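Chemist: First, the structure itself, so that you have it in front of you.
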Amino acid sequence: MSETKTITPVKKKQKFLGKYKKDQVLTALLFISPLYLGIIIFYLIPIFQSVFYSFTEWGIFGGYEIIGLENYKRLFKDPELLRAVKNTFTYAIFTVPVAMFIAIFIAVLLNSKIKGKSFYRVIYFLPAVTMTSAIAMIWKWIFNSEFGILNQFLGVFGINGPSWLTDSNWAMISLVIVGIWSSLGTSIVIYLAGLQSISSSFYEAAEMDGAGPIRKFFSVTLPLLTPTVFFNLITSLIGALQIYDLIYLMFSETNPALKSVQSISFLFYRYSFVFNEKGYGAAIVVLLLMITLIITAINFGLQKKWVHYIK
């Protein structure tokens, strides 16, 4: 009996698949290259530049001199920086949790069957698409101690409204109020997306077990919404730690309450562009980067204890 040889086109198939995958990779790289180029040019390169500049001292007319760790030694002796760190954490601690609670509450209401739901969603999302300069201008008018609408409203009840933006005791409260209001729109939309991704079968099972609206919220909605809460927590904390624009637009350099609200980012701006101490300013922003990374890493480490992912 003669042996018959079978020819299988394995090699040709592998060669074809390999060539096809290579084309896919090249096409994918071509499409994502603008994004990665943007990240490299506008994020990674400035980070490395800031780290390098933090070891230097700049002259008034340009040029720099490497001074080692002198800027970092100065950080821990600067009372302005310590006050800015305290202000930054105060703003973040009061803004992020309150904004998250309000955003979840509103998102749950907007996710229910109510009339005019689309209209309310647009209204709540408006702050997210409004320029920060416009937001700051409107709230400066509201908080104006002489003709602001807030003090006029308090005057109806016989209450003498404070100087919201120029009194050190009220300046941080004013900033927190604006921060909460301006951050609600994006958070509500994200929570709405998370709520709509929860399957109705979970609620049907809870109803069969006799769960009411409150029990369903705490036993079904909130646990299944924790991945969305975690995402919002991380992004909101990073945004709160980097607060700058509202302070710059609402509090002038001559404002006596400026020191009670200036953040780490705002202090970086003042040292780098007002006092022309770019090396020390770079050290401040590197410190802010390290604080942000540490807090983010802690949150990622703790997420296993309270974030529930559906498998």
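The values are calculated or read from the model by the stated rules, or taken from the named source; none is laboratory data. Nothing here was measured: the structure is a model prediction, and the numbers come from that model. Note that each Cβ is placed from the backbone with ideal geometry, even for glycine, and that neighbours are counted across all protein chains shown.
Chemist: Could you check, for the range 175-185, whether at least one of its residues is of a type in the set (Ser, Thr, Tyr) and buried (at least 18 other Cβ atoms within 10 Å of the Cβ)? It would help to see each step written out before you state the result.
Modeler: Within the range 175-185, the first condition is being of a type in the set (Ser, Thr, Tyr), and the residues that meet it are 182-183.
Next cut, buried (at least 18 other Cβ atoms within 10 Å of the Cβ) only: 182-183.
Yes, the range 175-185 contains a residue that is of a type in the set (Ser, Thr, Tyr) and buried (at least 18 other Cβ atoms within 10 Å of the Cβ).
Chemist: Here is a follow-up. For VAL122, all conditions in the list (1) at pLDDT below 90; (2) part of a helix (DSSP H, G or I); (3) buried (at least 17 other Cβ atoms within 10 Å of the Cβ) hold save one; what is the number of the exception?
Modeler: (3)
Chemist: In this structure, is SER200 of a type in the set (Gly, Ala, Ser) and surrounded by fewer than 18 Cβ atoms within 10 Å (Cβ to Cβ)? Steps first, please.
Modeler: Details: of a type in the set (Gly, Ala, Ser): yes; surrounded by fewer than 18 Cβ atoms within 10 Å (Cβ to Cβ): yes.
The answer is yes for SER200.
Chemist: Only residues in the range 197-226 that are closer than 24 Å to LYS304 by Cα count as the first member; pair them with residues that are aromatic (Phe, Trp, Tyr) and part of a loop (DSSP other than H, G, I, E, B), Cβ under 7 angstrom, at least 6 apart or cross-chain, and list the lot.
Modeler: THR226/TRP306
Chemist: Another one. Write out, first by first residue and then by second, each pair whose Cβ atoms fall under 7 Å of each other, whose residues are 6+ apart or on separate chains, and whose first residue, in the range 113-126, is closer than 11 Å to ILE188 by Cβ while the second is among the acidic types (Asp, Glu) and surrounded by 11 or more Cβ atoms within 10 Å (Cβ to Cβ).
Modeler: So the pair list comes out empty.
Chemist: Tell me, please, whether a residue that is crowded, with 16+ Cβ neighbours inside 10 Å, modelled with pLDDT of 90 or more and of a type outside the set (Gly, Ala, Ser) can be found in the range 108-117. Before you say what the answer is, go through the steps one by one.
Modeler: Let us first name the residues in the range 108-117 that are crowded, with 16+ Cβ neighbours inside 10 Å, namely 108, 110-111.
Going one step further and asking which of them are modelled with pLDDT of 90 or more, we end up with 108.
The next check asks that each one be of a type outside the set (Gly, Ala, Ser); those that pass are 108.
Within the range 108-117, one or more residues are crowded, with 16+ Cβ neighbours inside 10 Å, modelled with pLDDT of 90 or more and of a type outside the set (Gly, Ala, Ser).
Chemist: Hey, another quick one. Please go through the range 156-196 and pick out each residue that is without any contact (Cβ under 8 Å) to a residue 12 or more places away in the chain and more than 30 Å from THR254 (Cα to Cα).
Modeler: Within the range 156-196, VAL156, PHE157, GLY158 qualify.
Chemist: For the range 82-100, what are the residues that are within 21 Å of PHE268 (Cα to Cα), crowded, with 18+ Cβ neighbours inside 10 Å and of a type in the set (Phe, Trp, Tyr)?
Modeler: Matches in the range 82-100: TYR91 only.
Chemist: Just name the residue that is nearest to LEU249 (Cα to Cα) out of those in the range 125-138 that are part of a helix (DSSP H, G or I) and among the aliphatic types (A, V, I, L, M). Write out each step before concluding.
Modeler: First, the residues of the range 125-138 that are part of a helix (DSSP H, G or I): 125-129, 132-138.
Checking which are among the aliphatic types (A, V, I, L, M) leaves us with 126, 128-129, 134-138.
Numbers: LEU126: 19, ALA128: 17, VAL129: 17, ALA134: 10, ILE135: 9, ALA136: 6, MET137: 8, ILE138: 11 Å.
Within the range 125-138, the match that is nearest to LEU249 (Cα to Cα) is ALA136.
Chemist: Same structure again: Identify, please: which residue in the range 133-165 is of a type in the set (S, T, N, Q) and surrounded by fewer than 16 Cβ atoms within 10 Å (Cβ to Cβ) and is, among those, farthest from GLY185 (Cα to Cα)? Explain how you work it out, then say what you get.
Modeler: Of the range 133-165, the ones of a type in the set (S, T, N, Q) are 133, 144-145, 151-152, 160, 163.
In the following step, the residues that additionally are surrounded by fewer than 16 Cβ atoms within 10 Å (Cβ to Cβ) were identified as 133, 152, 160.
On the way: SER133: 17, GLN152: 27, ASN160: 32 Å.
Across the range 133-165, the extreme among qualifying residues is ASN160.
Per-residue answers, yes or no, for (1) buried (at least 18 other Cβ atoms within 10 Å of the Cβ); (2) at pLDDT 95 or above; (3) in contact with a Lys or Arg (Cβ under 7 Å, 6 or more places away or on another chain):
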{"residue": "SER219", "(1), (2), (3)": "no, no, no"}
{"residue": "PRO223", "(1), (2), (3)": "no, no, no"}
{"residue": "GLU253", "(1), (2), (3)": "no, no, no"}
{"residue": "PRO256", "(1), (2), (3)": "no, no, no"}
{"residue": "LYS259", "(1), (2), (3)": "no, no, yes"}
{"residue": "ILE264", "(1), (2), (3)": "yes, yes, no"}
{"residue": "SER272", "(1), (2), (3)": "yes, no, yes"}
{"residue": "PHE275", "(1), (2), (3)": "no, no, no"}
{"residue": "GLY279", "(1), (2), (3)": "yes, no, no"}
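Chemist: Can I ask one more? Test each condition in (1) modelled with pLDDT under 95; (2) within 16 Å of ILE247 (Cβ to Cβ); (3) in a helix (DSSP H, G or I); (4) not small (Gly, Ala, Ser) for TRP164 and report the one that comes out false.
Modeler: (3)
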